[in-house]
Every structure is written in C-alpha cells, then in structure tokens.
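The values are calculated or read from the model by the stated rules, or taken from the named source; none is laboratory data. Everything quoted here is computed from the prediction, not taken from an experiment. In this analysis, Cβ positions are derived from the backbone assuming ideal geometry, glycine residues included, and neighbour counts consider all displayed protein chains. Please note that ligands, DNA and RNA were not included when accessible areas were found on the heavy atoms of the full protein model with its side chains. Shrake-Rupley method; radii C 1.70, N 1.55, O 1.52, S 1.80 Å.
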Amino acid sequence: MASDLVMFGRMAARVPPLLRNRITVDGARQTLRRRLEERGERFLDVVERGVYGHPESPYLPLLREARCELGDLRVMVRDRGVEATLTSLREAGVYVRFEEFKGREPIERNGRVVVPGPRAFDNPLVKSDGRSRSSGSTGTPTQIPHNLYRVLDTTHYHLYGDHVHGLVNAPTVLWRCRPPLGSGLTQVLRSILMGNVSRCWFEPMGSEEVRVPARFRLASQLILRQCRLLGHPVPFPRPAPFSRAILVARAAAELAGAEGRCQVRAGVSMALRVALAAIEEGIGLEGVTFVAGGEPPTPAKVARIRESGARYVPSYSASDIGVIGIGCANPVDESDVHFFADGLAAIQIPVQIPGTAQEVDAFCFTTLLPSSSRLLLNVEVDDFGVMERRACGCPFDEVGFGTHLRRIRSYRKLTGEGINLIDGEMVRILEEVLPRRFGGDPHDYQLHEREDADGFTRLVLVVNPAVALRDEGDIIPVILKTLAGGNVYADSAREHWQQAGTFRLERREPEWTGRGKFPPLVVHRV
C-alpha cells in the first residue's frame with residue numbers, strides 16, 4: 001500500500017508539467033521521421049549509457065562473453081544496420097529468453113550464469129514515477145516502473161494513428177478500467193496532450209462487481225480532479241459492466257450522430273460486446289470506429305463488429321514494452337499493424353511451443369528510445385506472427401514505417417475478454433487443485449481456448465467422464481475462487497470472466513498430441 005501511495009503521489013506531482021505539452025499532427029509526423037532517421041544512433045546511445053555504462057546490467061556479462069565492446073557495436077551498426085547487428089548478437093549469445101526476462105530462470109550462456117534481480121531490466125536512464133504490477137498473464141506478476149513522460153513519447157503514435165484513420169478530434173469514448181487493472185487513466189492524460197479530451201469514460205466493472213482497493217480509486221480521483229483544476233474537462237469513470245454494454249453503444253451512437261464520427265477505445269471482446277448490444281437494440285453504429293487491442297482480432301470478431309456499421313482499427317501493445325503498432329489504412333487483413341521501428345527493433349527467432357513439437361517465429365524486441373520503462377536487448381516475448389516489409393501507401397508508410405506485423409498470437413497465453421492467463425497459475429489449478437478437490441489425476445483436466453459462434457473467446461474446461469462429479473456446476477466456481485487468491489489483478493480478472501461467462505465445461509476425454517504428450521493448455525489457432 002505504501003509503495004502504491006508513493007507511486008500515485010509522484011504521478012500527481014508530474015501531471016501539471018506533463019500537461020503543458022501539446023502535440024499536433026505535423027509535430028508528430030516530424031518527430032516520428034526524425035526518430036526513424038536517428039534509430040541507429042539512438043540504439044548505440046541507449047546501449048552505451050544503459051548497458052556499458054551500467055555495471056549492474058544483465059546484458060553486460062553477455063556482451064563480455066561474446067567479446068563485443070562498444071566500438072565493435074558501432075562498426076556493426078554503421079556497416080550492417082540495427083537488425084543485422086541484433087541478429088549477430090543473438091548468434092553470439094546476447095539475448096534473453098522469455099522465462100529469463102520474467103525472472104523465473106537464470107540466464108545461462110556457455111557456462112556463465114547471470115541471476116538478474118527483480119529490477120534488473122528497468123531502464124536506468126529514466127527516473128521512475130513509481131511502480132505497479134504487471135498483469136501476471138505469464139505466471140507471477142512482475143514489477144513494472146512507471147515513467148509519465150513515456151506517455152508523451154508514445155502520444156505521437158496515437159495522434160498520428162488518428163490522422164491515418166480520419167479520427168483527429170473525433171469524440172472519444174473509453175471503456176477501460178482504472179488502475180491497477182487497466183489503462184483508462186493513461187488514455188485520459190494522453191487525450192489532453194492530443195488536444196481532444198475524452199468525452200466519456202465507462203469502467204467495465206463498477207464498484208459493486210469488483211473490490212478495487214480504495215487507494216487506487218482515491219488516486220485516480222485525485223489525478224482526475226487535478227486535471228480539471230488545470231482546465232481540462234476530463235470525464236470521471238462511470239460503471240458499465242459487461243451486461244450493460246448498451247450504455248457504451250448508446251453514447252457512441254449519440255456522439256457519432258451529433259458530430260458525424262466517434263471512436264471507442266476498448267478491448268477486442270469488449271468492442272464486440274458493444275457492437276452486439278447495438279445490433280440487438282437496433283442501434284446503428286455508422287460513423288463509429290473501434291480502436292481495440294488486448295487479444296487477437298480474429299475474422300469472426302471483426303466481422304460481427306462491422307455488422308453493426310462500425311469500423312475496426314487494431315492496436316498492438318504489451319505491458320513491458322508499451323505500444324508496438326497501430327492498424328494500417330490499407331491492410332492485408334483485420335490484424336495488420338504498422339510496426340513502430342523508431343522506438344523498437346525486432347527480429348524473429350524459432351521457439352518451440354511448450355508441451356508440443358511445434359515451432360513458431362517469436363518476436364525478439366530491443367528498445368531504442370531512452371524514455372522506455374524497460375531496457376530490452378534481444379528480449380524474446382511470447383508473441384509470434386507474420387513480420388513483413390510492404391509498401392501499402394498509407395500515411396504510416398509515407399512516414400517510413402514500412403514493416404508490418406499481422407496474425408499476432410501468443411504461443412503461451414489463453415485469452416478471454418482481453419485478459420490473459422498462462423501456464424503458471426492455471427496449470428497448478430488443473431494439475432493440483434482440481435484433482436485434489438474432485439478426484440482423478442492431472443491428465444483428466446485440460447483447458448482449451450476456443451472462439452464461439454458469436455466470436456467471443458471462451459475458455460473450455462475439458463473433464464474426463466471418468467471423473468465422477470457430484471455436481472458439474474461446482475467445478476467452474478472453484479477455478480474462479482482459486483484465481484481470486486493471487487492479487488488485485490487476478491481478482492479483477494476473475495470478475496471479468498465471471499461476468500462474461502468466459503468459462504465453459506465439456507465432459508469428454510482430454511486430447512493428447514501425436515507424440516504422446518499431454519498439454520494442459522490447448523490454444524485453437526485461427
């Protein structure tokens with residue numbers, strides 16, 4: 001509690017100077033072009049000050065093991081470019097695996113062992129405004145530093161994205177949670193920097209559905225009131241549970257009708273709920289654009305969203321990294337985003353999906369901006385997809401963002417309503433909690449991610465018929481109750497899933513792989 005209060009106190013002190021900034025479309029365009037032109041120099045600057053100049057850096061032993069000095073890097077970047085340099089570093093052992101980055105395994109290369117501390121990957125070049133927990137979507141939550149001026153750096157992407165899709169100054173509706181679960185507060189601050197203050201802020205879960213600690217509610221109120229005192233008419237969050245998605249649909253339709261257009265920022269499944277609620281009530285969402293992320297925008301989801309009359313624009317981000325890409329104006333498919341190569345570099349490396357013989361080309365990211373909260377150097381994430389160079393002719397392409405990412409998936413996560421769950425806690429539930437409570441063994445329980453006919457992602461618990469359940473209605477509540485025991489985020493996730501009816505039960509034999517392996521988590525790819 002004390003650390004959270006300190007975090008919000010620092011944020012409150014930083015808000016007034018932050019909000020003195022204003023970003024225009026022309027300014028965003030010029031900034032993005034300049035950062036692209038300087039990306040090689042920025043990479044070398046970040047590595048020089050944040051790695052070679054930081055003795056505690058976990059990357060420094062890897063570079064020494066590879067016998068790579070700063071002068072060597074300078075020559076490689078000058079002669080070959082950033083990505084080719086990163087590929088060579090990867091081949092020389094300078095990289096960090098996903099589990100190593102999350103602090104669950106030590107870094108081992110050629111007999112050398114590096115045990116990173118809990119803050120080893122924090123960027124030493126920025127002063128943290130505080131810390132919060134990650135979602136824990138990949139197991140144990142990790143501490144993520146906050147840097148409010150990172151909001152300023154990334155607002156260029158969002159404002160230029162609005163320009164690309166004809167949304168500059170379009171009235172904005174948010175359906176996002178406040179801290180610690182969601183990004184609603186950050187998006188309100190960003191809207192001020194863009195000169196287009198959000199009109200409405202709906203919270204997916206009101207206070208009657210989820211027990212958000214008072215310190216988070218009070219901190220959000222403090223910062224919002226502070227914004228109002230500074231002359232910015234920001235909205236306060238209003239409760240709108242999943243069952244009342246129609247509230248968001250009505251607000252968006254009203255704004256679009258009055259002003260000709262409106263954008264709604266929400267998760268993919270939440271956008272789908274708004275669209276379906278509008279269809280059911282006979283409300284047309286023409287002029288409404290959903291800018292959504294948090295889970296894969298599958299063809300079925302996007303088709304139903306468009307059925308309401310609305311447009312859809314994908315967004316790709318990660319808690320440890322921030323915004324990675326925003327949708328193309330001339331896309332190949334519904335998931336096509338432009339990769340923001342001014343702030344990140346990316347290569348792909350083959351990774352075997354845990355519990356299977358399948359390999360995917362996972363993304364390996366390196367941060368280029370000194371304002372990044374985390375310093376990444378060839379850090380493997382659990383996402384994979386198509387990465388390609390393509391001239392599409394849209395304004396992002398004209399700026400210089402010629403790399404596209406699409407069909408992005410996680411090879412580990414199960415996703416429901418934009419909230420991710422991975423093998424850590426769920427595997428423990430499947431292999432320990434359920435057998436102990438209901439009988440059977442770990443091979444009698446398996447969880448599948450599957451999309452239903454309406455496009456919603458469901459988590460289907462498959463239970464072997466050999467397990468004698470007295471009441472099949474008991475087993476899902478046990479999962480939800482167990483998930484609630486971890487932390488505030490886990491409890492909020494449970495409330496999301498309980499409201500949305502994300503979990504389903506099927507009585508049949510769990511599936512084994514052709515090689516005789518039993519994966520406790522099965523993701524049905526689309």
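Filtering segment 408-425 down to residues that are in contact with a Pro (Cβ under 8 Å, 6 or more places away or on another chain) and of a type in the set (D, E, K, R), which residue is modelled with the lowest pLDDT?
ASP423
Keeping to segment 356-377, report how many residues are closer than 20 Å to THR87 by Cβ and surrounded by fewer than 21 Cβ atoms within 10 Å (Cβ to Cβ). Can you show your working first?
Step one: list which residues in segment 356-377 are closer than 20 Å to THR87 by Cβ, which gives 359-368, 375-377.
Of the ones still in play, those that are also surrounded by fewer than 21 Cβ atoms within 10 Å (Cβ to Cβ) are 359-361.
Going through segment 356-377 one residue at a time, the tally reaches 3.
Yes/no matrix, rows are residues, columns are (1) crowded, with 23+ Cβ neighbours inside 10 Å; (2) at pLDDT 95 or above; (3) in contact with a strand residue (DSSP E or B) (Cβ under 6 Å, 6 or more places away or on another chain); (4) not hydrophobic (A, V, I, L, M, F, W, C):
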| residue | (1), (2), (3), (4) |
| --- | --- |
| HIS146 | no, no, yes, yes |
| HIS163 | no, yes, no, yes |
| THR172 | yes, yes, yes, yes |
| TRP175 | yes, no, yes, no |
| SER198 | yes, yes, yes, yes |
| TRP201 | yes, yes, yes, no |
| SER207 | no, no, no, yes |
| ARG211 | no, no, no, yes |
| PHE216 | no, no, no, no |
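Report, by residue number, each residue of segment 242-274 that is touching a strand residue (DSSP E or B) at 6+ places or on another chain (Cβ under 9 Å) and of a type outside the set (A, V, I, L, M).
ARG244, GLU254, ARG261, CYS262, GLN263, ARG265, GLY267, SER269, ARG273
In segment 400-410, how many residues are closer than 18 Å to ARG39 by Cα and open to solvent by less than 10 Å² (accessible area, probe 1.4 Å)? Steps first, please.
If we filter segment 400-410 for residues that are closer than 18 Å to ARG39 by Cα, which is where we start, we get 400-404.
Filter once more, so that each one left must be open to solvent by less than 10 Å² (accessible area, probe 1.4 Å): 401-402, 404.
Here the count works out to 3.
Could you list, in sequence order, all residues of segment 378-394 that are out of contact with any Gly (no Cβ under 9 Å at 6 or more places or on another chain) and in contact (Cβ under 8 Å) with a residue 60 or more places away in the chain?
ASN378, VAL379, GLU380, VAL381, ASP382, ASP383, GLY393, CYS394 - these are the residues of segment 378-394 that are out of contact with any Gly (no Cβ under 9 Å at 6 or more places or on another chain) and in contact (Cβ under 8 Å) with a residue 60 or more places away in the chain.
Identify the residue in segment 1-29 that is of a type in the set (D, E, K, R), assigned to a helix (DSSP H, G or I) and at pLDDT 90 or above and, among all such residues, is nearest to the chain's Cα centre (by Cα).
Of segment 1-29, the ones of a type in the set (D, E, K, R) are 4, 10, 14, 20, 22, 26, 29.
Then drop every residue that is not assigned to a helix (DSSP H, G or I), which leaves 4, 10, 14, 26, 29.
Retained after the next criterion (residues that are at pLDDT 90 or above): 26, 29.
Numbers: ASP26: 28, ARG29: 24 Å.
Going through the qualifying residues, I end up with ARG29.
Taking the condition more than 16 Å from VAL47 (Cβ to Cβ), touching a Lys or Arg at 6+ places or on another chain (Cβ under 9 Å) and crowded, with 22+ Cβ neighbours inside 10 Å, does ASP382 pass? Can you show your working first?
Working: more than 16 Å from VAL47 (Cβ to Cβ): yes; touching a Lys or Arg at 6+ places or on another chain (Cβ under 9 Å): yes; crowded, with 22+ Cβ neighbours inside 10 Å: yes.
The answer is yes for ASP382.
Quick one: ASP397 ticks every box in (1) in contact with a Gly (Cβ under 9 Å, 6 or more places away or on another chain); (2) open to solvent by 20 Å² or more (accessible area, probe 1.4 Å) except a single one, so which number is it?
Condition (1) is where ASP397 drops out.
Could you count how many residues in segment 95-131 are open to solvent by 60 Å² or more (accessible area, probe 1.4 Å), in contact with a strand residue (DSSP E or B) (Cβ under 8 Å, 6 or more places away or on another chain) and either of a type in the set (A, V, I, L, M) or closer than 30 Å to ILE223 by Cβ (or both)?
Count: 4.
Output the residues belonging to segment 231-260 that are closer than 18 Å to MET194 by Cα and open to solvent by 80 Å² or more (accessible area, probe 1.4 Å). Break it down into steps so the answer makes sense when it comes.
Residues of segment 231-260 that are closer than 18 Å to MET194 by Cα, as a first pass: 231-235.
Correct list: PRO233 only.
Given the criteria farther than 11 Å from TYR312 by Cβ and free of Cβ contacts under 8 Å to residues at least 24 places away in the same chain, does GLU254 qualify? Give the derivation first.
Working: farther than 11 Å from TYR312 by Cβ: yes; free of Cβ contacts under 8 Å to residues at least 24 places away in the same chain: yes.
Answer is yes for this residue.
I'd like to verify a number: residues in segment 219-230 that are over 25 Å from the mean Cα position of the chain (by Cα) and surrounded by fewer than 19 Cβ atoms within 10 Å (Cβ to Cβ), how many?
Narrowing segment 219-230 to residues over 25 Å from the mean Cα position of the chain (by Cα): 222, 225-230.
Checking the rest, the ones that are also surrounded by fewer than 19 Cβ atoms within 10 Å (Cβ to Cβ) come to 222, 225-226, 228-230.
Going through segment 219-230 one residue at a time, the tally reaches 6.
Across segment 321-362, which residue is modelled with the lowest pLDDT among those that are more than 19 Å from GLU388 (Cβ to Cβ) and of a type in the set (S, T, N, Q)?
Going through the qualifying residues, I end up with THR356.
Would you be able to say whether some residue in segment 191-214 is under 23 Å from the mean Cα position of the chain (by Cα) and among the acidic types (Asp, Glu)?
yes
Residue-wise test of (1) open to solvent by 70 Å² or more (accessible area, probe 1.4 Å); (2) outside any helix (DSSP H, G or I).
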| residue | (1), (2) |
| --- | --- |
| THR31 | no, no |
| ARG34 | yes, no |
| GLU41 | yes, no |
| VAL46 | no, no |
| ARG67 | yes, yes |
| VAL75 | no, no |
| THR87 | no, no |
| GLY93 | no, yes |
